[in-house]
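K.L.:
Below is a structure I'd like to ask you about.
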Amino acid sequence: MSRGAAPWRAVLRIARRDAARSRGRTALIAVMVGLPVLAAVVIVVLLRSSTPGDALFTRLMVGEVTQARLSYHCPAAIVQDVRQSVGCSYDESRVQDPTLAEIEDDVRAVLGDDAGLVRLDGRRALLTTTDRSSRAGYGEVDLLGPVGGVFEPVVGDLPARAGEVLISSWLAEDLGVGVGEELGLRAVGEPEQRVRVTGMLHPFVEGPDVLALPGTLLPTAAQDVDLAPLAAQWGVEWWVTGTDPVTWDHVVALNDLGLLVRSRAVLADPPPRSAMPLHTDGELVQGGTSARTALLVAAVVGAGLLEAVLIVGPAFAVGARRSSRELALLAAHGGDRRDLRRLVLWNGVVIGLGASVVAAVLGVGAGAALVTWLPVGAGAFPNLVVPWLEILGLIALGTGIAAAAAWLPAHRACRVDVVAALSGRRAEAAPHHGVPVVGLVLLGIGTAAAVSGALRAQSGFAVAGVLLLLVGMVATSGAVVTLLGRVARWAPTALRFALRDTARQRGRTAPAVAAVIAAVAGATAGLVFLTSSDHHDRLTWAPIAAEGTVHIAVHPDELDDVDRAGLVARAGAAFEDVAPLATSAVVRILTVAEPDPASMSLSVWAERPVEAMCPVWLLERQATQQELADAQDDPRCEPGGSVLSSNPYSVGFGSVLVDDGTVVRTLGLPEAGEAAAALAGGAVLVNDAAALWADGTVHLTFSVYDMDGSGDPHEEELVLPGHVVGARGSLYGVVLPMGAWERLETLDLVPVEAGVVGTTTEPLARDTLEAATQAVADAIGPVASGVEVESPWVTGQDVTMLVVVAVAVVLGLAATWIAVGLAAAESRADLATLAAVGASPRTRRTVAGAQAGAIAGTGVVLGAVAGLLLGAVFVLVRRGQGFSADPTWQVVLPWAEVASVVIGLPALAVGAAMLLTRSRLPLSLRGSA
Amino acid sequence: MTTLGPVLLRLAQVTRTHGHGELTVHALRSVDLEVRVGELVAVMGPSGSGKSTLLNIAGGLDSPTSGTVSLADAQLSGLDLKARARLRRRSVGYVFQDFNLIPALTAAENVSLPRELDGVSTRPARVEALAALADVGIAELADRFPDELSGGQQQRVAIARALVGPRRLVLADEPTGALDSVTGEDVMRVLRARVDAGAAGLLVTHEARFAAWADRTVFLRDGVVVDSTGPRPDVEALLTLDPA
């Protein structure tokens, strides 16, 4: 028969009052639950505030009156939600950009002939003051019309005439100019002009960094839609004016033209997710890799939640034991098992909810303070957005963690021996004998599933296995504690007493051991992953030169109206004025010959012989699942693994070094001598051994194509003697011998100087390097330059690993201390007996130390084993995330750090327990406890 | 002297043993006992004689190894844990030596607890609790927490809780053990009055002067009823008797 809500209310009242009365315990749980919630709330507030909210976004996109903003992305269809696009699809029939006129005709075909279009024309531009220069986007649009509302300045006014500009705040900071000051401005292909800054743009407005009225700088002829090819534009956009709204159907139609659309009507009333291809297209949303990444994240989050539950659990277990008399009383007055269970569970819910709500309020406050007080500039937030739904979710999560942590103690509490509790006798509910067996089974299944899932790149298995493994380890911990109690017969009195007490009082011991297991397992898994990640980075690090080698690179672009011939010499000389070089060589990169190298791009690659190619690459159709599976085990299909490599002389994709051997020799890698000799002998260097044909030659393909994608690429092949180098850096992909390009019949290529490589007689001091870098920048004016010194691999994980160890130790100590504190209270009668039979005053301390040692020791050993397995599984899952297994992801065990946790945590727990326990033995009579 | 009503609690041939084999302990052996409405029965005996076990079995907190326990018309041995809990909510109340009030609840909330656990809404449960507190003479202390009450006041609250609503059997385990003699007599006076008003009581005590408040006294030794007295004398008259 149902008793209605009255028992719930009665139990909730007791739980609420208990939480208020046991302030210390409540505070401890509240902190454990509340801190993560607080951190998460701050993060979501900052994340949501870092992008403009709907109202601000609408104003920054379409101002006050325009209907929509159209941004051209590519000649093929794009997929977008209401704000952003995920990029262009590939359509081989549509590779050439349309002209502006064609785009505008197509747009009017969609929106109607009456739709007004206001266009923003753009270029890249060089902006200069007397002592600084910067490259930025420059745009012209009718700011005095409807579009003016989009670019409403936050400081100053809109430009009113030619020669006046708005600039972004970062550009103002970069150039050190303010409103009313003048700049030199030169757009690509245009002469330099002096312009005056009239105002600053909103930091989050989208568009060029410099804005002016139409005709200010760009010739009117260049804006004629029939004359201006799109390729000449940079960041071209349109605003739709008029009164007719741009609907979602319009948006989808415009997407097909390669336009990203931000519509006032759609932003105000978004379509359902089911109407958005972005959210419904399975291939786009759930690519294989992203699904696997999601599962890996799910595993980490799941394990984290489980750990949170286990870590908070002891506090509830202790609370339930302390309340055993109250629970018994409730039973004596007619409360059944459900009521007792509810009391402990509600205790968790009350504390969890209270802590989560307070944490959420504090988190919103802290987030709001950060959003408000962070300085305007690069780190500024556009607005304060409080995502209530997500925060409610976090509150529910915090409450759920506390309730889940109270679940096991609640189930144990409802089995309280009422008579024993009421008579003040200590009674421990008999442990279920089946639990360790179930634990062992879970441990076995979990380990098998996790390892098998990880090895076969089946993240679902790995995730399930990881969680089962952790639960299994916790379930077996009680049996381990019991075993310790059994072997205690050989231990000295205090240790024997502590071990037996720990084993008998599983109700208080098991949750504490579980918490230590959770803390140590989490930390160990984190350490394994961090160490393996560091090892992965080290393996994929591919230096391009010997340590200490100096790279001086110059990067002139189409905005630099300078004589390129002398640039490198001036840069090198300026460097040597500050830091002389022992050896040096000029670096030359092959590029398309004049007159317009900037609009053309060159790629050079070495073709493998057919028998060395991955079969899947040769298919002229979609590969089947079986073919893809076979390819995963085929060494010819290895993508070569990821490579962390720098190429300071790169001027774009596929920059090719040309060298007579002096540059490679100066770069100074171990095989530099042989490589230099090969180059001098006319051989080409490659670092893909499979690209060397049987006759010792390398088959190179040279491809030149227009940057705007118009026209077919011009390709030509060249066969040269080859030499394979072991250096994996992209710089060594193809290195051409001098003069090789002259044998090409249809392509007109020339080498250009791109920098200087050199060695110093002794390592450069930091201030010398800074001075030399500044000297180079000063010597070549506004031309971009970079100075680098080849450095050894440096790990970046030291601090993180230290934090992980510290957190594990603190959490483990907290859990141990809770259990030892309760044990000390419960053992008063036994200790009094010990005192009565002549135990020394030191005994109490020794007992406390031994109890702490037993709990922490058991927890760290089991936790470390679980953590090593967990970490290995995470690494193996990461290894299998790509198309084929990445051998550079290897399980590396951080023995020193793990040992520091395994030895340090119990030692600290024992030390702290002995130090903080009063040595005087209680004199109370037995039964008074 | 009130007229005794029908039998409310009946123990027939109740035996309770703990442990097995050589470790077997006989807490109760073939105990027969009846408590009628309007009757207060005291149980006396040395430590370990089985007094508390008797009380626990009478309230359904413990089960007899053999024999039967009937409460009102219900056979306890035939009830599961839930049904026994329901019986305790509706028919039986305990009073303990250490008062055993829930410190997080006020006096009225402590008293209304069995009613609320039984599904009675908060407001009517509070009305019943206030009436029970008035019956034991401390209605004005209803909203105080246990740590704001004296020992005697706490034990009155416990008696009120034991007899709130339809509950008619109070099982008192040394209810005066933690009180001074004057307060103890006061508590016994309240208990006696509640029994006279129509309840039934089973009182475990060490002290004869408190057992004297009972209608009759049962003596236990080693789990066996070894003696029982006849009807009680007038205790109030004994208290005012001139020793000279």
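The values are calculated or read from the model by the stated rules, or taken from the named source; none is laboratory data. Because the structure is a prediction, the values reported are computed rather than measured. Backbone-built Cβ (ideal geometry, glycine too); neighbour counts: all protein chains shown. Note: areas computed on protein heavy atoms with side chains; ligands, DNA, RNA excluded. Shrake-Rupley method; radii C 1.70, N 1.55, O 1.52, S 1.80 Å.
K.L.:
In whole angstrom, how far apart do the alpha carbon centroids of the range A:353-424 and the range A:158-172 sit?
P.N.:
47
K.L.:
To continue, here is another question. Of all DSSP beta bridges in the protein assembly as shown, what percent run antiparallel (nearest 5)?
P.N.:
Of all bridge pairs located within the protein assembly as shown, approximately 75 percent are antiparallel.
K.L.:
Also, quick follow-up: For the range A:809-816, take each phi angle, set θ = phi - 60°, evaluate the Karplus expression 6.51 cos²θ - 1.76 cosθ + 1.60, and give the result in whole Hz per residue in order, putting x for glycine and proline.
P.N.:
5, 5, 5, x, 5, 4, 5, 4
K.L.:
When the Cα centres of the range A:850-917 and the range A:762-779 are compared, how far apart do they sit, in Å?
P.N.:
With the range A:850-917 and the range A:762-779 each reduced to a Cα centre, they are spaced 45 Å.
K.L.:
For the range A:1-70, what mean projected area does the convex hull of the alpha carbons give, in nm²?
P.N.:
10.5
K.L.:
If you don't mind, another one. Can you tell me the order of A:584-591, A:360-367 when each peptide is scored by its average per-residue count of other Cβ atoms within 10 angstrom, highest first?
P.N.:
A:584-591, A:360-367
K.L.:
Using a Gaussian network model of chain B with C-alpha springs under 10 Å, which one of B:Ala193, B:Ala129, B:Ala42 is most mobile by mean-square fluctuation?
P.N.:
The residue that fluctuates most here is B:Ala193.
K.L.:
Also, I was wondering about something else. With a 10 Å radius around each residue's Cβ, average the other Cβ atoms per peptide and rank B:14-21, B:157-164, A:801-808, highest first.
P.N.:
B:157-164, A:801-808, B:14-21
K.L.:
If you roll a 1.4 Å probe over the range A:120-239 with all protein chains in place, what percent of the accessible area is carbon or sulfur?
P.N.:
The value for the range A:120-239 is 51 percent carbon and sulfur by accessible area.
K.L.:
Can you pull the mean other chain C-beta count within 10 Å for peptide B:75-83?
P.N.:
1
K.L.:
On to the next question. Test of understanding: express the Cα radius of gyration of the protein assembly as shown as a ratio to 2.2 N^0.38 Å, with N the residue count.
P.N.:
Working it through for the protein assembly as shown, the quotient is 1.31.
K.L.:
Here is a further query. For chain B, what does the helix formula give at 222 nm: sum of -39500 (n - 2.57) over DSSP H segments with n ≥ 4, over the residue count, nearest 500 deg cm²/dmol?
P.N.:
-9500 deg cm²/dmol, from helical runs alone.
K.L.:
For chain B, would you read off the P(r) tail past 30 Å as a percentage of all alpha carbon pairs?
P.N.:
24
K.L.:
Under 5 Å between amide H atoms, partner at least 5 residues away or on a different chain: which partners does A:Thr917 have, H built in plane at 1.01 Å?
P.N.:
Placed amide hydrogens put nothing under 5 Å from A:Thr917.
K.L.:
Can you give me the C-alpha center-to-center distance between the range A:488-558 and the range A:120-157, rounded to a whole angstrom?
P.N.:
Taking the Cα centre of the range A:120-157 as reference, the centre of the range A:488-558 is 51 Å away.
K.L.:
Report the residue, chosen from B:Leu23, B:Leu79, B:Leu220, that carries the largest GNM mean-square fluctuation when chain B is represented by alpha-carbon nodes joined by springs under 10 Å.
P.N.:
It is B:Leu23.
K.L.:
Continuing with this model, one more query. Give me the accessible area buried between chains A and B, both sides summed, with a 1.4 Å probe, in Å² rounded to the nearest 100.
P.N.:
2600
K.L.:
Follow-up. I'd like the mean, over residues of A:5-14, of how many other protein chain beta carbons sit within 10 Å of each residue's own Cβ.
P.N.:
6
K.L.:
Moving on to the next point. Using a 1.4 angstrom probe, figure out how much accessible area the protein assembly as shown has per residue, in square angstrom, rounded to the nearest whole.
P.N.:
44
K.L.:
Looking at the range A:120-239, what % of its DSSP beta bridges pair antiparallel, to the nearest 5?
P.N.:
Roughly 75 percent of the beta bridges in the range A:120-239 run antiparallel, per DSSP.
K.L.:
Give me the Kirkwood hydrodynamic radius of the range A:434-560 in Å, from all C-alpha pairs, to one decimal place?
P.N.:
Answer for the range A:434-560: a Kirkwood hydrodynamic radius of 18.8 Å.
K.L.:
Further, regarding this structure: Take peptide B:117-127, look around each residue's Cβ out to 10 angstrom, count Cβ atoms belonging to other protein chains, and average those counts.
P.N.:
4
K.L.:
What does the highest-first list of B:167-174, B:108-115 look like by mean Cβ count within 10 Å?
P.N.:
Result, highest mean first: B:108-115, B:167-174.
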